[in-house]
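FYI, it's all coordinate maths here, none of it is from the lab. Note that the structure is a prediction, hence the values are computed from the model and not measured. Quick reminder, even Gly has a Cβ in these numbers, built from the backbone with ideal geometry, and neighbours come from all protein chains shown.
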Ligand SMILES: *Cc1c(COP(=O)(O)O)cnc(C)c1O
């Protein structure tokens, strides 16, 4: 039996045909860059998120960089973010010339906490960058409360949490500008690179529409020095088809997660993902923890089951972040997560047989 970590399957059934038809239509339209397919997806995603503006960009990293730029975060500013996030979040802060301040996450939800944020705030901190890690929404009400009290900006990294809700609102509706990645494996994924920014601010949206297209206000007239980070029309067309099924895709992820949570209870020293009260989880990843992480991974691989590690080395221990001056032991929770985490296969369309094989192999390993 071979169980892939992730595979695009025809789920819900018929989605592949719908995508092929939409791609054929968009090809025939021949409006490949910022065409009608892009505006249509931006409008549809804005409606889904219940925000007035969505600006499509090239990828999730650009969505983060452009969000920070649009809010005026740059040189001399500190940005608070979780130490256990994906490298793109931290690189984006670095890219705008700001200083990333890595904050320890909550050891159970793996997300930023109010107390962690409060401890890290000083006069140079300009923004908080909460990451809805693995698909679990952060406690945004509390985070916004602190941010508003102290006058800090908020950019949500929603790359892993499309459709996750907290307090009846979607992740990506709280901050002043919020970044989404539509990388193929994400909960809402294109067939190539794609990203988007959500915002309530018309001013932020106007800036982003120019900035993503060299700063152009009208053809060959430039208000700011922008970049090229445009959402591709074919990707936007595919995203429109998939957006209509996003809730069904997430419900399927939640169903699969529930089975893992039931079947892997009290197995060996496994620590299963915990959901914080009031915070929704759309299970972009199903991450378990064990002190025997590498042995378990090898055991599963020998049985044809692929797992991944998100993420084996935290940013502060990577050569690229040596300049932060942090060493092993400085972020103990972040390091413990990096040393013990293992992500199990979970994707819409995964079969019962496949999931049973994963569960049984894990039980055998710990027996
Ligand atoms: C995927 C991801 C990104 C970057 O998205 P890309 O589209 O790959 O640039 C940023 N942050 C997090 C948390 C991610 O998972």
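Note on 85, 113, 198, 185: ascending count of other Cβ atoms within 10 Å places them as 185, 113, 85, 198, the fewest first.
Once you sort the root eigenvalues of the Cα gyration tensor of the chain as a ≥ b ≥ c, which label holds: rounded (a/c under 1.5), prolate (a/b larger than b/c) or oblate (the other case)? Taking the square roots of the gyration eigenvalues as a ≥ b ≥ c, the chain is oblate. Modelled this way, with points 7 Å down the Cα-to-C-beta line, the labels at residue 327 and residue 20 are 5.9 nm from one another. With a ≥ b ≥ c the root eigenvalues of the C-alpha gyration tensor of segment 101-236, is it rounded (a/c under 1.5), prolate (a/b larger than b/c) or oblate? Since a/c reaches 1.5 but b/c is at least a/b, the shape of segment 101-236 is classed as oblate. Legend: calculated FRET efficiency, residue 294 to residue 225, from the Cβ-Cβ distance at R0 = 35 Å, rounded to 0.05, equals 0.15. Extension gain, residue 262-residue 169: 0.36 nm per intervening residue step, less the Cα-Cα distance, totals 30.7 nm. Classify segment 246-366: rounded, prolate or oblate, from the alpha-carbon gyration tensor (a ≥ b ≥ c, eigenvalue square roots; a/c under 1.5 rounded; otherwise prolate if a/b is larger than b/c)? Here segment 246-366 falls in the prolate category.
Simple spin-label estimate for residue 269 and residue 32 gives 5.4 nm between the two label positions (7 Å along the Cα-to-Cβ direction from each Cα). Look at where the Cα atoms of segment 72-111 and of segment 246-321 average out, and the two centres are 23 Å apart.
Could you list 331, 27 so that the one with the fewest beta carbons within 10 Å of its beta carbon is first and the one with the most is last? The fewest-first ordering by Cβ neighbours comes to 27, 331. In the chain, helical runs assigned H by DSSP with n ≥ 4 each contribute -39500 (n - 2.57); averaged across all residues and rounded to the nearest 500, the mean residue ellipticity at 222 nm is -11500 deg cm²/dmol.
With a simple spin-label model that places each label point 7 Å from the Cα along the Cα-to-Cβ direction, the separation between residue 7 and residue 150 comes to 4.7 nm.
Between residue 318 and residue 47, the FRET efficiency estimated from the beta carbon spacing at R0 = 35 angstrom works out to 0.35.
Residues 48, 220, ranked from the fewest to the most other C-beta atoms within 10 Å, line up as 220, 48.
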